[in-house]
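Peer 1: Mind looking over this structure? Questions follow.
The values are calculated or read from the model by the stated rules, or taken from the named source; none is laboratory data. None of the values given here were measured: they were computed from a predicted structure. Cβ atoms come from the backbone with ideal geometry, glycine included; neighbour counts cover every protein chain shown.
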Amino acid sequence: MTLNDQITEIRSKFSKDLKLAKTSKNIEHLKISYLGKKGSVQSLMQFLKDAKNDERPILGKQINDLKYEITSHLENSLKRLLLEEETIKLKSEHLDVTLPGRKHHWGRYHPVTLTLNKILDALISMGFAVETGPDVDSDFYNFEGLNFAKDHPARDMQDTFYISDDLLLRTHTSNVQVRVMEKSKPPIRCIAPGKCFRNETISSRSHVFFHQVEFFYIDENVSFVDLFATIDEFFAKLFKKPIETRFRPSFFPFVEPGMECDIKCEICKGQGCRLCKDSGWLEVFGAGMIHPNVLKAGGIDPEKYSGFAAGLGVERLAMLMYEIKDIRLFTENDIRFLKQFDL
């Protein structure tokens, strides 16, 4: 059978099939059947393989003319059928304009964001300025500049996620301290909020990532008295009432002397529960006087200036403020839990 015979046969069959097409889906099927990779028109390309070089342009034009003809008929039929289908659909639908509109629900803040905003508001009202630092940082700003020597045993306290020998996911927002000292002169009163990452066992009290706010103050003659006063004022602003606190000596490489601050558990009112490990108290702050070596790393003379630093976990405070018993709820994205909190 010659090419002309094949084209005539395909044209005749297509004309019959097109008349039988009653829906837009039928047109799509015809398009695949005639113009697809395994379609009738594509099968004609075999004639070009065996044709002489001077015959190929003529045969190719005949095939392309057929392809253009079929394409044109399909497009016109598709437009007509789509219009008919849309008209039928509109006639069958009924729109009741008296129905109320769809309700648009307002988004809500995550409880961690709510707590972080309250912490920042309290500290900003006390004269602190906000500074941020990178989540991925160098060993110097996260450890060495904060008086963690390369072989310092205190590094064992941090289960760190290392990216390379010198890059890591920060274990605390204290990595902002030296950066701020390098670009600012005392007096410095700074807040450093952000995410932290530690390779810890996930439980009701701890997670592998969490949020922390560090605040520090550097000036002449800064003492522990200033630290105690700042903490008491901060809690009073945050909880809108005086909060009972207690302080315990502790060790952190970047402060000397160091301490931990506990507040009475608001969930059990000091009676003991799972969150506070039945002690009635919950550790909130790690704090102390900034170590002279840290001041030197930031280019500040420790003979002239002194300062205090304190860091607190945002999730831990959120658990107290909203009486949440499990830190894992913050990351499970359960809408039943999240929608309970105010805008």
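Peer 1: Look through 224, 197 and report the one residue that is modelled with pLDDT of 90 or more, over 18 Å from residue 310 (Cβ atoms) and of a type in the set (A, V, I, L, M, F, W, C).
Peer 2: Working: 224 fails: over 18 Å from residue 310 (Cβ atoms).
197 is the lone residue from the list that is modelled with pLDDT of 90 or more, over 18 Å from residue 310 (Cβ atoms) and of a type in the set (A, V, I, L, M, F, W, C).
Peer 1: Another question about this same structure. So which pairs qualify, if the first residue must be in segment 282-307 and assigned by TED's automatic domain parsing to the domain that holds residue 184, the second must be polar (S, T, N, Q), the Cβ gap must be under 6 Å, and the two must be at least 6 apart or on different chains?
Peer 2: Pairs that qualify, where the first residue is assigned by TED's automatic domain parsing to the domain that holds residue 184 and the partner is polar (S, T, N, Q), are 291/147; 293/147; 294/147.
Peer 1: Additional query: Identify the single condition in (1) closer than 22 Å to residue 227 by Cβ; (2) out of contact with any strand residue (DSSP E or B) (no Cβ under 9 Å at 6 or more places or on another chain); (3) not in a loop (DSSP other than H, G, I, E, B) that residue 180 does not satisfy, given that it satisfies every other one.
Peer 2: (2) is the only condition that residue 180 fails.
Peer 1: Any residue in segment 256-281 that's over 27 Å from residue 216 (Cα atoms) and acidic (Asp, Glu): show its pairings with residues that are in a loop (DSSP other than H, G, I, E, B) and modelled with pLDDT of 75 or more at Cβ separation under 8 Å, as long as the two are six or more apart or on different chains.
Peer 2: 278/272
Peer 1: Any residue at all in segment 47-58 that's surrounded by 12 or more Cβ atoms within 10 Å (Cβ to Cβ), under 30 Å from residue 9 (Cα atoms) and of a type in the set (Val, Ile, Thr)?
Peer 2: To start, the set of residues in segment 47-58 that are surrounded by 12 or more Cβ atoms within 10 Å (Cβ to Cβ) comprises 47-48, 51, 55-56.
When the remaining residues are screened for being under 30 Å from residue 9 (Cα atoms), the result is 47-48, 51, 55-56.
Subsequent filtering for residues that are of a type in the set (Val, Ile, Thr) retains none.
No: zero hits.
Peer 1: Further question: Identify the residue in segment 191-201 that is touching a residue at least 60 places away in the same chain (Cβ under 8 Å) and either buried (at least 21 other Cβ atoms within 10 Å of the Cβ) or β-branched (Val, Ile, Thr) (or both) and, among all such residues, is farthest from residue 226 (Cα to Cα).
Peer 2: Selected residue: 193.
Peer 1: If residue 43 passes every condition in (1) modelled with pLDDT under 90; (2) touching a Leu at 6+ places or on another chain (Cβ under 9 Å) but one, which one does it miss?
Peer 2: (2)
Listed here are the residues, each with its yes/no results for (1) under 30 Å from residue 88 (Cα atoms); (2) without any contact (Cβ under 8 Å) to a residue 24 or more places away in the chain; (3) of a type in the set (Phe, Trp, Tyr).
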residue: 5; (1), (2), (3): no, yes, no
residue: 23; (1), (2), (3): yes, no, no
residue: 27; (1), (2), (3): yes, no, no
residue: 33; (1), (2), (3): yes, yes, no
residue: 39; (1), (2), (3): no, yes, no
residue: 45; (1), (2), (3): no, yes, no
residue: 56; (1), (2), (3): no, yes, no
residue: 68; (1), (2), (3): no, yes, yes
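Peer 1: Right, next: Name the single residue, out of those in segment 72-118 being surrounded by 10 or more Cβ atoms within 10 Å (Cβ to Cβ), among the hydroxyl-bearing types (Ser, Thr, Tyr) and part of a helix (DSSP H, G or I), that is modelled with the lowest pLDDT.
Peer 2: Only one residue fits best here, namely 87.
Peer 1: I'm trying to understand the selection: among the residues of segment 203-229, which are in a helix (DSSP H, G or I), among the hydrophobic types (A, V, I, L, M, F, W, C) and surrounded by fewer than 19 Cβ atoms within 10 Å (Cβ to Cβ)?
Peer 2: So the first thing to find is which residues in segment 203-229 are in a helix (DSSP H, G or I), and the list is 224-229.
Next, from what is left, pick out any that are among the hydrophobic types (A, V, I, L, M, F, W, C): 224-225, 227-229.
Those that are in a helix (DSSP H, G or I), among the hydrophobic types (A, V, I, L, M, F, W, C) and surrounded by fewer than 19 Cβ atoms within 10 Å (Cβ to Cβ): 224, 225, 228, 229.
Peer 1: Quick one: residue 260 ticks every box in (1) under 33 Å from the mean Cα position of the chain (by Cα); (2) at pLDDT below 90; (3) among the acidic types (Asp, Glu) bar one, so which box is it?
Peer 2: Every condition holds for residue 260 apart from (2).
Peer 1: Moving on. May I ask you to list the residues in segment 316-337 that are touching a residue at least 24 places away in the same chain (Cβ under 8 Å), more than 16 Å from the chain's Cα centre (by Cα) and assigned to a helix (DSSP H, G or I)?
Peer 2: Residues of segment 316-337 touching a residue at least 24 places away in the same chain (Cβ under 8 Å): 316-328, 330-331.
From the residues that got through so far, the ones that are more than 16 Å from the chain's Cα centre (by Cα) too are 316-328.
Within segment 316-337, 316, 317, 318, 319, 320, 321, 327, 328 qualify.
Peer 1: Return the only residue of 258, 313, 286 being out of contact with any Cys (no Cβ under 9 Å at 6 or more places or on another chain), of a type outside the set (A, V, I, L, M, F, W, C) and buried (at least 17 other Cβ atoms within 10 Å of the Cβ). It would help to see each step written out before you state the result.
Peer 2: Details: 313 fails: out of contact with any Cys (no Cβ under 9 Å at 6 or more places or on another chain); 286 fails: out of contact with any Cys (no Cβ under 9 Å at 6 or more places or on another chain).
So the residue among 258, 313, 286 that is out of contact with any Cys (no Cβ under 9 Å at 6 or more places or on another chain), of a type outside the set (A, V, I, L, M, F, W, C) and buried (at least 17 other Cβ atoms within 10 Å of the Cβ) is 258.
Peer 1: For segment 317-343, name all the residues that are farther than 26 Å from residue 214 by Cβ and either exposed (fewer than 10 other Cβ atoms within 10 Å of the Cβ) or of a type in the set (Asp, Glu) (or both).
Peer 2: Within segment 317-343, 332, 333, 334, 335, 336, 339, 342, 343 qualify.
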